[in-house]
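Note sheet for the following structure.
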Amino acid sequence: DDTSKDNPDLTRRAQIANSSGADLFLSIHQNATDAGPSIGGTKVSYWSDQSKVFATLVQKHLVSALGRTDRGTQKTSLYLVSHIDTMPSALVECAFISNSEEEHLLREDSFQQKAAKGIEDAIVEYLSK
């Protein structure tokens with residue numbers, strides 16, 4: 001829940017992640033655009049070369065699980081969580097809330113479970129390598 005006044009800001013979240021000793025970091029989001037209501041799909045962003053394999057696996061499994069347009073993976077440093085550098089990390093955009101069909105799907109428990117399963121499958125595959 002990121003609505004709590006005690007919730008750490010993005011800088012502090014990156015610090016917590018870097019000092020956690022975790023194996024992976026995944027930030028889960030929903031996308032939006034002003035470019036038109038028909039734009040949709042799944043996309044994963046990553047920041048460091050150590051994260052590319054993990055991000056690619058997350059994208060592959062999410063697209064398979066959700067059946068949405070594959071918007072690919074993208075290397076970017078636009079997000080503050082790119083300061084997470086002690087483990088592979090990625091930012092997931094499961095679907096577009098600005099697309100009415102996808103916004104409706106995002107509200108469905110079954111779609112949420114498919115997203116969770118896709119992410120789980122990616123993590124299991126990554127850690128088993």
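In this simple spin-label model, placing a label point 7 Å from the Cα along the Cα-to-Cβ direction at both Thr3 and Ser20 gives a separation of 2.3 nm. Residue pairs exceeding 27 angstrom between C-alpha atoms, taken from Lys75/Lys117; Lys5/Lys117; Lys75/Lys129; Lys43/Lys117; Lys52/Lys117; Lys5/Lys114: Lys5/Lys117; Lys5/Lys114. The residues neighbouring Tyr79, those whose beta-carbon lies less than 14 Å from its own, together hold a net charge of 0 under the Lys/Arg +1, Asp/Glu -1 convention.
By accessible area of protein heavy atoms, probe 1.4 Å, what ranking do His104, His29 get, highest first? Display every interim value, and only then the final one.
Details: His104 105, His29 70 Å².
Largest accessible area first, the list is His104, His29.
Just the number please: accessible area per residue for region 50-119, 1.4 Å probe, all protein chains included, in Å². Mind showing how you got there, number by number?
Values: 3610 Å² over 70 residues.
Value returned for region 50-119: 52 Å² of accessible area per residue.
Share of carbon and sulfur in the accessible area of region 19-129 stands at 49%, probe radius 1.4 Å.
Net charge of the neighbourhood of Lys117, taken over other residues with C-beta under 15 Å away and scored Lys/Arg +1, Asp/Glu -1, is -2.
Could you order Tyr126, Tyr46 by accessible surface area, starting with the largest, using a probe radius of 1.4 Å? Don't skip to the answer; put the middle values down first.
Values: Tyr126 55, Tyr46 15 Å².
Listed by decreasing accessible area, they come as Tyr126, Tyr46.
Computed over the chain with a Gaussian network model linking Cα atoms closer than 10 Å, the most mobile of Leu62, Leu106, Leu91 is Leu106.
So if each residue of separation counts as 0.36 nm, and I subtract the Cα-Cα distance between Asp34 and Gln113, what length gain in nm does that give? Let's see the in-between values first.
Working: separation 79, 0.36 × 79 = 28.44 nm, distance 2.75 nm.
Answer, rounded to one decimal: 25.7 nm.
The values are calculated or read from the model by the stated rules, or taken from the named source; none is laboratory data. These numbers come from a predicted model, not from an experiment. In this analysis, Cβ positions are derived from the backbone assuming ideal geometry, glycine residues included, and neighbour counts consider all displayed protein chains. Note: areas computed on protein heavy atoms with side chains; ligands, DNA, RNA excluded. Shrake-Rupley method; radii C 1.70, N 1.55, O 1.52, S 1.80 Å.
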